[in-house]
Amino acid sequence: MTHCKALLISAPSSGSGKTSVTAAIARWHARQGLKVRVFKTGPDYLDPMVLQRASGHAVYQLDLFMGGIEHCRALLAEAAADADLILVEGVMGLFDGKPSSADLAAAFNLPVLAVIDASAMAQTFGALALGLQKFRTDIKLCGVVANRVGSAGHGVMVGEGLPPDLPLIAALPRNADLTLPERHLGLVQAMEMPGLDALLDGWADAWGAAVKPGFEFESLHFEPQTVFATPPLLQGKRVAVAQDAAFSFIYPANLDCLRALGAEVLLFSPLQGQVLPDCDALWLPGGYPELHAQSLKQHPSFFADLRAHLAANKPLLAECGGMLCLAISLTDGEGRVHPMAGILPGQAVMNKKLVALGLQSIVWPECAQGDELRGHTFHYSSLATPLTPIAQASNPNAGRAAEALYQQGSLRATYIHHYFPSNPAAIAAFFLPG
């Protein structure tokens, strides 16, 4: 049995400051020489990029739908065996979604620290915190953080209504200089923020100055897990993966899954002009091709390499942004039309409003009877194509988002961001050359 200090950081709603507080705690303790592992609840790519920089370690998803409880338990146990502190950033509000951050906290007995935006309230802060504490009896709220307080006096006021068993851990001052830039899919990517390390240090300094003396993280028991070996179905195969600012929506667990299947993973950057490596299969993950369409178009061989790859009947999985760059054209948010690879019939357009958001489950042709692949969708673009889907996803929460899966030769394309560990056998069966 392994002991490790652990904490889940949540909030009443999105936009309360969970990411900045989680990053501040991670950076502060990493600077003290501690090994900090951070996880993100639910599907997300942008927050983990920031949290990875803050902690110095890859950030994995803990998602009870996409990965399942045993997968999450194994990830926590693995982290606990090596780390001094585990932090889990929640998703949305504490009780929002199915499954919610509260469901995750209850499943693994994680104490919860609630981050509340106090900028527009005083004593009502206590009522809101008390509601979070009492709403469910199967989770433990160990304390609260008052975020964006206007002054030291304001920080005192917000703590006045808190009961003795729900302490105010820190009152963090409002500081416009310590904010992250955002765009249509959320935060700007960490790799595109040259001042990120200074920002993280500023957050850490603020946390160190504000945290109440005597605050201690609870040490939890994590049982070592028996991890069943993944059959090396891709042994000897080379899988190329585009990875840069245009193709950045990659779960670390997906790369781990490919390697566990025996594949040699070859990362390459189209934006840096790197050619497609000699490979048996290719994955174009999501990202921001609309922001880098000109650079992709100017790559001397990228689009031609994709066509040659498919002409050789080699598998290519294109997800969301990866799919958009295969279209005939891509119209960006400013109305500019960019010719793309012209492989997938259809035109892609960036819209001003969100088009789809939600968890997804889908049955690929390679799925065994009763099995499925899981993932999520989140996009502002739309694709008009004459192709008929070979499968349609469903949303476990009965949401409207239900993405199509398209097949053209050895190309498979969809808006779904798949979580490979949800069905490694199906992923391996597709990536095997025809």
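The values are calculated or read from the model by the stated rules, or taken from the named source; none is laboratory data. Predicted model, so just to flag it, every value in this text is computed and none were measured. Because the Cβ atoms are built from the backbone with ideal geometry, glycine has one as well, and the counts that use them run over all protein chains shown.
Tell me yes or no: at least one residue of the stretch 109-128 is surrounded by fewer than 21 Cβ atoms within 10 Å (Cβ to Cβ), hydrophobic (A, V, I, L, M, F, W, C), assigned to a helix (DSSP H, G or I) and not assigned by TED's automatic domain parsing to the domain that holds SER361.
Checked the stretch 109-128: at least one residue is surrounded by fewer than 21 Cβ atoms within 10 Å (Cβ to Cβ), hydrophobic (A, V, I, L, M, F, W, C), assigned to a helix (DSSP H, G or I) and not assigned by TED's automatic domain parsing to the domain that holds SER361.
Quick one: count up the residues across the stretch 30-41 that are in a strand (DSSP E or B), more than 16 Å from SER219 (Cα to Cα) and not hydroxyl-bearing (Ser, Thr, Tyr). Lay out the reasoning, then the answer.
Filtering the stretch 30-41 down to residues in a strand (DSSP E or B) leaves 36-41.
Those still in the list that are more than 16 Å from SER219 (Cα to Cα) too: 39-41.
Cutting the leftovers down to not hydroxyl-bearing (Ser, Thr, Tyr) gives us 39-40.
Qualifying residue count for the region: 2.
Is it true that some residue in the stretch 17-29 is assigned to a loop (DSSP other than H, G, I, E, B) and within 27 Å of ALA120 (Cα to Cα)?
Yes, that holds for at least one residue.
Which one of these does ALA413 not meet: (1) buried (at least 24 other Cβ atoms within 10 Å of the Cβ); (2) among the aliphatic types (A, V, I, L, M); (3) in contact with a Ser or Thr (Cβ under 8 Å, 6 or more places away or on another chain); (4) over 30 Å from ASP96 (Cβ atoms)?
(3)
Out of GLN347, GLN369, report the one residue that is more than 25 Å from the chain's Cα centre (by Cα) and without any contact (Cβ under 8 Å) to a residue 12 or more places away in the chain.
Selected residue: GLN369, the only one of GLN347, GLN369 that is more than 25 Å from the chain's Cα centre (by Cα) and without any contact (Cβ under 8 Å) to a residue 12 or more places away in the chain.
List the pairs whose first member sits in the stretch 396-408 and is assigned by TED's automatic domain parsing to the domain that holds ALA356, whose second member is charged (D, E, K, R) and part of a loop (DSSP other than H, G, I, E, B), and whose Cβ atoms are under 7 Å apart, counting only residues at least 6 apart or on separate chains?
Partner pairs satisfying both residue conditions: ASN397/LYS98.
Could you tell me how many of the residues in the stretch 278-301 are of a type outside the set (A, V, I, L, M, F, W, C) and not in a loop (DSSP other than H, G, I, E, B)?
Qualifying residue count, the stretch 278-301: 7.
Quick one: which of MET340, MET350 is over 24 Å from SER422 (Cβ atoms), touching a Cys at 6+ places or on another chain (Cβ under 6 Å) and outside the structural domain of GLY42 (by TED's automatic domain parsing)?
MET340
Out of all the residues in the stretch 42-58, is one or more free of Cβ contacts under 8 Å to residues at least 40 places away in the same chain, among the small types (Gly, Ala, Ser) and either farther than 30 Å from ALA246 by Cα or part of a strand (DSSP E or B) (or both)?
So far as the stretch 42-58 goes, no, none of its residues is free of Cβ contacts under 8 Å to residues at least 40 places away in the same chain, among the small types (Gly, Ala, Ser) and either farther than 30 Å from ALA246 by Cα or part of a strand (DSSP E or B) (or both).
Any idea how many residues of the stretch 201-233 are assigned to a loop (DSSP other than H, G, I, E, B) and either at pLDDT below 95 or not assigned by TED's automatic domain parsing to the domain that holds ALA171 (or both)?
Of the residues in the stretch 201-233, 18 are assigned to a loop (DSSP other than H, G, I, E, B) and either at pLDDT below 95 or not assigned by TED's automatic domain parsing to the domain that holds ALA171 (or both).
For the stretch 379-434, which residues satisfy the criterion of being out of contact with any helix residue (DSSP H, G or I) (no Cβ under 9 Å at 6 or more places or on another chain) and on the phi > 0 side of the Ramachandran plot?
Within the stretch 379-434, ALA398 is the sole residue that qualifies.
Which residue, of LEU132, LEU168, is over 18 Å from GLU216 (Cα atoms) and within 31 Å of the chain's Cα centre (by Cα)?
Answer to the selection: LEU132.
Would you mind stating whether VAL275 is part of a strand (DSSP E or B) and free of Cβ contacts under 8 Å to residues at least 60 places away in the same chain?
Here the answer is no, as VAL275 does not meet what is asked.
In this structure, does HIS71 turn out to be under 30 Å from PRO396 (Cβ atoms) and assigned to a helix (DSSP H, G or I)?
Spelling it out, HIS71 is indeed under 30 Å from PRO396 (Cβ atoms) and assigned to a helix (DSSP H, G or I).
What number goes with the only condition from (1) in contact with a Pro (Cβ under 8 Å, 6 or more places away or on another chain); (2) of a type in the set (A, V, I, L, M); (3) outside any strand (DSSP E or B) that LEU76 does not pass?
(1)
Please go through the stretch 1-16 and give me each residue that is assigned to a loop (DSSP other than H, G, I, E, B) and among the hydrophobic types (A, V, I, L, M, F, W, C), ordered by number.
MET1, ALA11
Given the stretch 346-406, what strands (runs of 3 or more DSSP E) lie entirely inside it while holding 3 or more residues that are over 13 Å from CYS320 (Cα atoms)?
Numbers: elements: 356-362, 373-379, 381-384.
Here the list reads 356-362.
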